[in-house]
1. Find the residue count for segment C:127-153, including only residues that are under 16 Å from C:Cys30 (Cβ atoms) and away from chain B (no Cβ under 12 Å).
2. Please specify each residue of segment A:46-104 satisfying the condition of being closer than 20 Å to B:Thr255 by Cβ, outside any loop (DSSP other than H, G, I, E, B) and among the basic types (Lys, Arg).
3. Considering C:Gly100, C:Gly126, C:Gly110, which residue is at pLDDT below 95 and either aromatic (Phe, Trp, Tyr) or at positive phi (or both)?
4. Which numbered condition in (1) at pLDDT below 90; (2) touching a helix residue (DSSP H, G or I) at 6+ places or on another chain (Cβ under 8 Å) is the only one that A:Ile39 fails?
5. Among the residues that make up segment D:39-56, is at least one of them more than 19 Å from D:Met241 (Cα to Cα), among the aliphatic types (A, V, I, L, M), outside any strand (DSSP E or B) and more than 14 Å from the chain's Cα centre (by Cα)?
6. May I ask you to list the residues in segment C:8-34 that are modelled with pLDDT of 55 or more, under 25 Å from C:Gly144 (Cα atoms) and part of a helix (DSSP H, G or I)?
7. Restricting to segment B:304-331, name every residue that is within 12 Å of chain C (Cβ to nearest Cβ), buried (at least 18 other Cβ atoms within 10 Å of the Cβ) and either among the charged types (D, E, K, R) or in a loop (DSSP other than H, G, I, E, B) (or both).
8. Since B:Gln9 meets every condition but one in (1) closer than 22 Å to B:Cys173 by Cβ; (2) within 14 Å of chain A (Cβ to nearest Cβ); (3) without any contact (Cβ under 8 Å) to a residue 24 or more places away in the chain, which condition does it not meet?
Amino acid sequence: MEVMILMKDQVAKLYDELSGEYNFFAPVKEKGYVAYRKISNPKEIELNYFNSKIPPKEILFPQMEVLFEFKTDGKNVIEIEDRKDLDEKNILFGIRPCDAHSFDLLEKFFAFGDFQDEIFLKKRENSLIIGIGCNSPKSTCFCTSVEGHPFQKDDMDIFLVDLGDKYLVEGISDKGNNLIQQLSWLSKASKADTIKAKELAKKAEDLITTKLDLTNTSQILESNFGNEIWKEVSENCLGCGSCTFLCPTCTCFDVIDENDQYENRGRRIRIWDTCQFCLYTLHTSGHNPRDNNIERCRNRILHKFSYYPLNYDLIGCVGCGRCIQVCPVNNDLRTIINKINNIKPKEEENVSV
Amino acid sequence: MGDIESENQNIENKIKELARNLLREKEVDVIIGYKKGTVPLSSSPVFITREEDVDKLLWNNLCYVNLANYLAPRIPTLYDEEGQKLKVGIVAKGCVGRALIHLAVENQINLENIKMIGISCNGIINRKRIEKEIGEKEILETSILGNNIIVKGRDFEKTFPFDEYMNELCKVCKVKSPPNVVDSCVGECLENPVIEDDFNDISDFESKTSEEKWAYIKDTLSACTRCYACREVCPMCYCNLCFVDQNKPIWFGKTTDFTDIFAFHFNRAMHLAGRCVACGACSSVCPMGIDLNIITRKLEKIVKERYNFTSGMDKETLPPMMSFSMDDNQEFMLEED
Amino acid sequence: MNEITSETEQMKISNDEWEPKILAFLCNWCSYAGADLAGVSRIQYPPNIRVVRVPCSGRINPYFIVKALIDGWDGVLVSGCHPGDCHYLTGNLVARRRFGILKDLLEFFGIESDRVSFMWASAAEGERFAVLVRKTTKLVKKLGPNKKFEKKW
Amino acid sequence: MSNPYIPMLTTVKNIVSENKVNDIKTLELEFKKEEDYNKFNYIPGQFAEISLIGKGECPIGIASSPTEEGSIQFTIKKMGTVTSEFQNCNIGDVVGVRGPFGNGWPIEEMKGKDIVVIGGGFAFSTLRSLVIYLLNEKHRKDYKKITVIYGNRDSGEVLYRNVLEEWKKYDDIEVVLTIDREEEEWKEKVGFVAPIVKEVGPSSNNAVAVVCGPPIMIKTTIAVLEDLNFNDEQILNSLEMRMKCGIGKCGRCNIGNKFVCIDGPVFSLAELKKLPNEY
């Protein structure tokens, strides 16, 4: 497929052409931060940004999502209404490679096993990701350590490279290529453009200074469930949910029923939940399998770096660095990983809890 | 004293010296302080048990977490192998001291096990404001130079006057060092402080109409993701089961619908009346950068004006919500015309 | 509470002029008896209040009031014994402190504090009870319907 | 693919109060749609997410056996928000059911073996399902000796009394009931479950022990079973965990990399020993 060029001032045109058919989600500036929102005016699009505060998973897996609605006769349910908006087509514009990769992880997770989460998967299927390379990754980024790259394009449908006043447009999937063909007004890219894009990719890679060695981490984690290190890494943790709520791969949710005050109807919704809250695992009997910070912190790390590799043969982290930036007590994931890697193998001791 | 930079150096040296002494004399088992954060505009609470680690401690105007939180009963980490409570030394700026004293008033901690390493806090940087003003550029390094905050990035450098970019609460703070009660404080502390405050900083907001206030509150709070970082970092939020988590009955929803967000923040504010020690940690840690400071100030103002109370100043005065008087003001009660 | 709500809703529909609905928490020992006295003395007061009897005004948790507002009540009224007359000696004094702070905070958050009223009325003050209910109804009516907390559906 | 969070609708056909305290009730549910019933193919030991729509949903083990055709049963103890609401249920009320979920008892692998069923208290519901299934004439020949040991705090707490009485009439099943303390008119055994198991002394030769009950009972009983030479593969356990979705998505029921809702709730002791002790 040929590589095309989209001028930055043509983004509005792109929006105009696609917004009829698609819900157009793009980064906008909101309350001082960047967020992905469904836009109604191309002027809202923020083109100059690192990454969003809340990951774009909130487009396909929003913090509060209706599972179904129901009508009652005052006491009993008489009718259940399924979601009807799942077939709407979405364009996710300006997604960074790490977040695009997170969609891949989320898809694997929601499709895993005998039961599929149709709500997520359908929306995912109807979404077209126009990703964009990271020209200047942040110091907290470590995507190259988790099999990613600031210019990784595998998980996108269309890949953009910011060349200053224009974007290099490359179709990746069939879906993406078809869309590019539809946009006949796109000009062709010159050789200089593609060379420049390559240079930018190299430059971006060099800018990533954080290198984590995750080759053995999952094995080390498997045999060190009861290690002393967990006390150390959870010592100053407060037990808030900022790391997990802002994590592009965290998927846990809670289910609640809501009733309309004035009409005989209601809905069952899911809201984000996090393993960092003590109520997350609390049984009605009062027993709590993960009763303190140590266990909860451990669960988060193990889930991403041990359970994900065991279950899906993938690392459950995309290296976006959001949790590092937002942790109120600066409990740095990079430090934790390094500490884990430094655990000395214990041969004589049988580790158990 | 000189500028902020040299003040910081003095404070830091003092912390290290006192901490080293406390550990050497075995007066405490563990020191809770701050260490350098791994990202700019941050610091990380640290637990130090060995004298040689004392050099990790620092003071850099980014020590925004209220360390008293680690002594509140919800986080039971400070026990030895036999389950005995450790004796704790704690780096205490004014608001940490106030929090400790207030927790003692509420019978949550025993000040006898605690040594405050009192310092005269020279203010905390409003990191959310700097982050917002820098915008979509990455901050790689921050430092204090003279009386300025220097923020450096890949291709920029910006100077912020410290006085202006302090936390709003620090600008009006009257309790820089911990009040000294039951001789639990080493280092700098206040003896019998008397607090006068005019609360001019929120009078602008108070003079707004209901609709304006509501619009502001709605705009500010609607970014909330209910991660509860504000609650978890608050030394006064030590309930085992917070009201938002209660499910028998379910008082308020857990969703991010504004009504539920409002219910959480309003009731939390209500619970902090006469208890909040104005440390500003909640605003400093909010991942969405929500500024809860005006609410904090209003709470202080209400209890000061109505009940002449300032939280965490001494061990004897009961907080307003734990006491009452026949002569309380009741101008708000409905009366016949 | 839902049943009461729908009843008031019906009342609203049948009346052209908008009438506020006010949730009234009355203490068992004074104000409830006061309301009773107003009734048996045939003193008229507006039918806008819906009464919940509580053992003491000190029983009123601020949650009750916030939840009532969130659930769409236009106003909340709490009435207890006069200071010094509390059946439990000091319950109303404890309550008074809460009410003061609650009122100030509501105003600060931009919710018209007139929506929430507190009053004292003894068992012998049927007349006073009626007058104050009239007053609070007037205050709430002036503010109009409580629409701040409508959930997005 | 369909929305996995939408429950099938059933109506309450019958309600039985199971104990003297009246906080455990067995609901018999009948599917509103025939097709839903046909889809609901389960084996003993599986669970379902049942809900009073508008109040909430909770995971409950299926107490009926697939051999009891026409309806399904759940035994619900008043514990939390939703289970308390279930206590106020009336005949004819609508209950949402999603399921069946979980692996259930390994009825195929249990074939040709002696089955020792050990239950304590309220956790007997999926064991009821299992025993009824085993006793069914179609399946009885596949299994050898069946021993049921069922302990309770007091005689008022014994569930499924009618069914138990019926079992006692059979000669191919040994039913041992026990309560913690002596009571007048109680003619069965007295004592905790573990010593009773020891007393009954089932042979571990070609046998499977199924243990369900409160944690302390499980712990003591497993010790006894090990004394009786049951190995870890021969001891089966059904775990409880907080759950929301039942289909491995909501995250909270994990023990290590396993989810109780899809990999469990039935685990052999051997499997459990490989997992971290987070349950």
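The values are calculated or read from the model by the stated rules, or taken from the named source; none is laboratory data. Only a predicted model underlies this, so the values are computations on that prediction, with no experimental measurement involved. Methodologically, a virtual Cβ is constructed for each residue, glycine included, from the backbone with ideal geometry; neighbour enumeration extends over all protein chains shown.
1. 0
2. A:Lys57
3. Result: C:Gly110 is the single residue among C:Gly100, C:Gly126, C:Gly110 that is at pLDDT below 95 and either aromatic (Phe, Trp, Tyr) or at positive phi (or both).
4. A:Ile39 satisfies all of (1) at pLDDT below 90; (2) touching a helix residue (DSSP H, G or I) at 6+ places or on another chain (Cβ under 8 Å) except (1).
5. yes
6. Scanning segment C:8-34 gives a single hit, C:Glu9.
7. Within segment B:304-331, B:Lys304, B:Arg306, B:Phe309, B:Pro319, B:Phe324 qualify.
8. Of (1) closer than 22 Å to B:Cys173 by Cβ; (2) within 14 Å of chain A (Cβ to nearest Cβ); (3) without any contact (Cβ under 8 Å) to a residue 24 or more places away in the chain, only one is false for B:Gln9: (2).
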